[in-house]
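S.K.: Got a structure for you, written out below as structure tokens; questions coming shortly.
The values are calculated or read from the model by the stated rules, or taken from the named source; none is laboratory data. The structure displayed is predicted, hence computed values, not measured ones. Every residue, glycine as well, gets a Cβ built from its backbone with ideal geometry; the counts of neighbours run over all protein chains shown. We work out accessible area using only protein heavy atoms, side chains counted, and drop any ligands, DNA or RNA first. Shrake-Rupley method; radii C 1.70, N 1.55, O 1.52, S 1.80 Å.
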Amino acid sequence: MNSLYSFSAAIVYTQCDPIRKPLSFYKAKTKTKTKPQNLSCSFRHPYNKLRVSALKSDPSESHQTGVADDEGAEKLPLRQNDANFDSGWLPAFPHVLVASMSNFIFGYHIGVMNGPIVSIARELGFEGNSLIEGLVVSIFIVGAFIGSISSGSLVDRLGCRLTFQIDSIPLILGAIISAQAHSLNEVIGGRFLVGLGIGVNTVLVPIYISEVAPTKYRGALGSLCQIGTCLGIITSLILGIPSENDPHWWRTMLYIASIPGILVAIGMQFTVDSPRWLCKAGRINDAKTVIRELWGESEIDSAIEEFQSVCKSDGSDSDSRWSEILEEPHSRVAFIGGALFVLQQFAGINGVLYFSSLTFQEVGVESGAVASLFVGLTNFAGALCALYLIDREGRQKLLIGSYLGMAISMFLVSSAVFCPLDEQLSNNLSILGTIMYIFSFAIGAGPVTGIIISELSSTRTRGKIMGLSFSTHWVCNFIVGLFFLELVEKFGVAPIYASFGAVSLSAATFAYYFIVETKGRSLEEIERSLNVKA
């Protein structure tokens, strides 16, 4: 999501750099030939005990009697009725669509400050103060961190559906407060409330989708998170075009931001709650009703039996303790979740997004809005490909392929900047590398990260592990935003891009050694395989 793949830090860079230097300025920095820093990780066989074990299978294997992963985990029976899910995505789709609207809100708020921040600064009296401008944009991240870390307890106690509705309150109020703000404190307070709501939602959406989606379509439906985010960004960029001529248009844009929050609050009244949470809370009849509606009558008995078996092994109470994520097998999943988000952010997505507008300027695209829109459309195209591929090729393959593509793209751009043979050729290669990088990110590293963590987490600790993982994401997002420009000024863009490529290679290696395939496996089957290895 998620995402968990935000443009927020990129926007901070754009607004906090009062003097936008051309890309050629940073190309000149490369003459010092500073050696790029390699942020790599070492993986050796003794650390394989940290690798999460899950059943690897393909839907075509559904008639076999069992399957084991490559570490010899205990064989477990495959689901014999996977064929029932061939057209089973449609009943769950409306519920998933309402939840994914929360990611639309996320994307909209990421892009809403991209152009209007200049008008806001002028009207509220802090024009030219890059520090305050950056604070107005980045206070969003502080709120998101707090929202993410607190979301686990809310989900455990209230369930996803009610938490969605409660979380709509700060999203709606934050947008309205920001829209009618007449002082710096008001706009900062409004942005903080919005960030708080976004932090909860980025955790909620992948959890909800993973728990209501049919097994066969869990990855594809989970990819709607990123599609929602892309559409939100594109919408905000398009709506932001009038702000170039209307200095008060930013208020209209922020009022509009409250509408999706209202729609989510109302829409969730007509959606179902997670059958797994209902079973964990002792509401068996409600869980059966939901299963009948989403998955079909034939799935009720087997699903309830699986849910109760897992609940019995996990513990009868519905609310887990934070200390439990330090215990096996939860600690392995928490480690992998945090590591995936650290690698995702330090692979440089926000830095590349910042420099994408400068790169487009070098080839004659002067409008920052047009450049941002082109980048948003590329991200959207990658998300559509992920929607098609994730349940066909699997999570691990997409992660590895995505990070390898990102690494190749970064090395291509850094080579074009570091050793330019021809200025026009160098600019064209920079554009090509940037587009390849964004597309590669959107096809795997963006959508898969949130999905795979929710799949590997147990029913009991899923909320807290997801909350911890996403809070790691926000911390890394903030760090990259804080130091990126300073590092570029000191070393030049080529070494920094090369280090992004090195981190991307490390992420591909991590995915190869630590992630196993979860496609085609129910969440309960995955959880049982984790307990086998614990």
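S.K.: Could you please put Leu196, Leu343 in sequence from largest to smallest accessible area, using a 1.4 Å probe?
M.R.: Descending order: Leu196, Leu343.
S.K.: While we're on this one: Considering only protein heavy atoms and a probe of 1.4 Å, how much of the accessible area of region 321-533 is carbon and sulfur, as a whole percent? Please report the intermediate quantities before stating the final value.
M.R.: Numbers: 4500 of 6540 Å².
Reported share for carbon and sulfur atoms: 69 percent.
S.K.: Quick one: accessible surface of Cys311, probe radius 1.4 Å, all protein chains present, in square angstrom to the nearest 10.
M.R.: 30
S.K.: In region 88-271, what percent of the accessible surface is made up of carbon and sulfur (1.4 Å probe, ligands and nucleic acids excluded)?
M.R.: 72
S.K.: Compute the distance from the alpha-carbon center of region 133-148 to that of region 475-514, in whole Å.
M.R.: So the two Cα centres are separated by 21 Å.
S.K.: Of Trp250, Trp277, which has the most accessible area and how do the rest follow, probe 1.4 Å? Please list the in-between numbers first.
M.R.: Working: Trp250 5, Trp277 25 Å².
I get Trp277, Trp250, largest accessible area first.
S.K.: Round to the nearest 10 and report in Å² the accessible area of Ser357, as given by a 1.4 Å probe over the protein chains' heavy atoms.
M.R.: Number for this one is 20 Å².
S.K.: At 1.4 Å probe size, with every protein chain present, just tell me what the per residue accessible area of region 88-271 comes to in Å².
M.R.: On a per-residue basis, region 88-271 sits at 33 Å².
S.K.: I want to verify the translational diffusion coefficient of region 321-533 in µm²/s; compute it with Stokes-Einstein, Rh as the Kirkwood radius over Cα pairs, at 25 °C and 0.890 mPa s.
M.R.: Using the Kirkwood radius from Cα pairs, D works out to 136 µm²/s.
S.K.: Can you work out the FRET efficiency for the pair Cys385 and Ile266, with r the C-beta to C-beta distance and R0 = 25 Å, to the nearest 0.05?
M.R.: Working from the Cβ atoms, E equals 0.20.
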